[in-house]
Amino acid sequence: MSGARYPALAGRHVVVTGGADGIGAALVEAFCAQQALVTFLDIDDARAAATVERAAAGGTVPHFVHCDVADVPALRSALAEAEARDGAVRVLVNNAANDARHDWREVTPESWDAGLAVNLRHQFFAIQAVADGMAMAGGGSIINFSSISWKLGMGGMPAYTTSKSGVIGLTRSFARDLGPANIRVNAVLPGWIMTRRQRELYLTPEGEEKLLADQCLKRVLMPADVAPLVLFLADDASAACTAQSYVIDGGWI
Ligand SMILES: NC(=O)c1ccc[n+]([C@@H]2O[C@H](COP(=O)([O-])OP(=O)(O)OC[C@H]3O[C@@H](n4cnc5c(N)ncnc54)[C@H](O)[C@@H]3O)[C@@H](O)[C@H]2O)c1
C-alpha cells in the first residue's frame, strides 16, 4: 500500500456504513490495507461483493452485512452482530447517504422523513448502538460524513442538505457527551468527489470546468483522496481532535 501506515489500526474493529460503493468502498479498502477488522453495511450486494474482493487483495478480508441503515431495528441488529463477531467497535464511520435530487414543491412528509432517515437519523442510532461498547473498550473514534453542499447554499435537495447540516450539530453534541469516555467525534465535509454515481448522474463537461475554476486545486478529487483524512481521524494520531469539521474539497469553499 502507499501512504501513511497506522499500526494502531491493525486488529481494530472498524465499521463503515455504505461501504459497497463510492467513498465508503475506498474507506473499506484503506482500513483493510491497515490490517483493521472491517465490517461494512450496505444494501448493494453486488457492489459489496466486488468491494470485498478488492479490499481483500490488499489487506484483511472485510465482513459485509446487508443492512438498510434507514431501518433502525435492522441497523441495531447488524451492529450487535458485528460486535458479537469482532468485539467492540473502536472506529465508526457514518458514511451511507443518498443525494438524490428532489424539488421542494414535491416533498411530502413521507419523503422528507425518508430523506432524513437515510442521511441523518441512522448516524444517531449507529452511535447510540456502539457507544457503550466503545467506552468499555477504552474509547474510540466516530467520523460522521457531512458535505459542503449546505455551506455552499446548494438548492435542489433540501432533505439532503438539511440532513448534512444536522450532522454538524449531531457531531458536536455527541463529542460533548462521549468525550469523558475518550470517544472522539468529528465530521468530514467532502467537496465534489468523483465517485461512479457522481460521474453517471451529475458530472457534465461544463460542471467539471466550473468545479476546476472554483477549486484552488485544478484536478477532480477521487474517493481515494478522502481515505487518508479518515484514517488520520480514526487513528490515535488525531487523539486530541474532537468536535470538529474537516473540509476536504480541493479548496472550494
Ligand atoms: N461524492 C461526493 O461528491 C460527496 C460530496 C459531499 C458529501 N459526500 C458524502 O460522502 C458520503 C459518501 O458519499 P458517496 O458519494 O461515496 O456516495 P455513493 O452514493 O457513491 O455511495 C453510497 C453508498 O451508501 C450505500 N447506501 C445508500 N443508501 C443506503 C442505505 N439505506 N443503507 C445502507 N447503505 C446505503 C450505497 O449503496 C452506496 O454503497 C455520503 O455521506 C455523502 O453525503 C459525498
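For residues in region 2-25 being more than 16 Å from the ligand (Cβ to nearest atom) and on the phi > 0 side of the Ramachandran plot, which is modelled with the highest pLDDT?
11
Grab the helices (runs of 4 or more DSSP H) fully contained in region 159-253, keeping just those with 3 or more residues being at pLDDT 95 or above and more than 12 Å from the ligand (Cβ to nearest atom).
205-214, 223-234
I'm told residue 57 meets every condition in (1) away from the ligand (no atom under 12 Å from the Cβ); (2) touching a helix residue (DSSP H, G or I) at 6+ places or on another chain (Cβ under 6 Å); (3) farther than 27 Å from residue 135 by Cα except one. Can you identify the failing condition by its number?
(2)
I need a count of the residues in region 205-216 that are within 12 Å of residue 253 (Cα to Cα), of a type outside the set (D, E, K, R) and surrounded by 10 or more Cβ atoms within 10 Å (Cβ to Cβ).
2
Among the residues of region 93-105, are any touching a residue at least 40 places away in the same chain (Cβ under 8 Å) and of a type in the set (Phe, Trp, Tyr)?
Yes, that holds for at least one residue.
Please go through region 27-50 and give me each residue that is buried (at least 19 other Cβ atoms within 10 Å of the Cβ) and within 8 Å of the ligand (Cβ to nearest atom), ordered by number.
Passing the criteria: 41, 42, 48.
Does residue 122 count as out of contact with any strand residue (DSSP E or B) (no Cβ under 6 Å at 6 or more places or on another chain) and assigned to a loop (DSSP other than H, G, I, E, B)?
Numbers: out of contact with any strand residue (DSSP E or B) (no Cβ under 6 Å at 6 or more places or on another chain): yes; assigned to a loop (DSSP other than H, G, I, E, B): no.
No; evaluated as a whole, the condition is false for this residue.
Name every residue in region 54-70 that is farther than 26 Å from residue 232 by Cα and surrounded by 15 or more Cβ atoms within 10 Å (Cβ to Cβ), in order of residue number.
Hits for region 54-70 are 67, 68, 70.
Can we say residue 152 is in contact (Cβ under 8 Å) with a residue 60 or more places away in the chain and within 26 Å of residue 106 (Cβ to Cβ)?
Yes.
From the list 187, 234, 224, 240, which residue is more than 20 Å from the chain's Cα centre (by Cα), under 23 Å from residue 6 (Cβ atoms) and of a type outside the set (Val, Ile, Thr)?
None of the other options fit; the residue is 240.
The values are calculated or read from the model by the stated rules, or taken from the named source; none is laboratory data. Keep in mind that this is a model prediction, so the values were computed, not measured. Here Cβ is always computed from backbone atoms with ideal geometry, including for glycine, and neighbour counts include all displayed protein chains.
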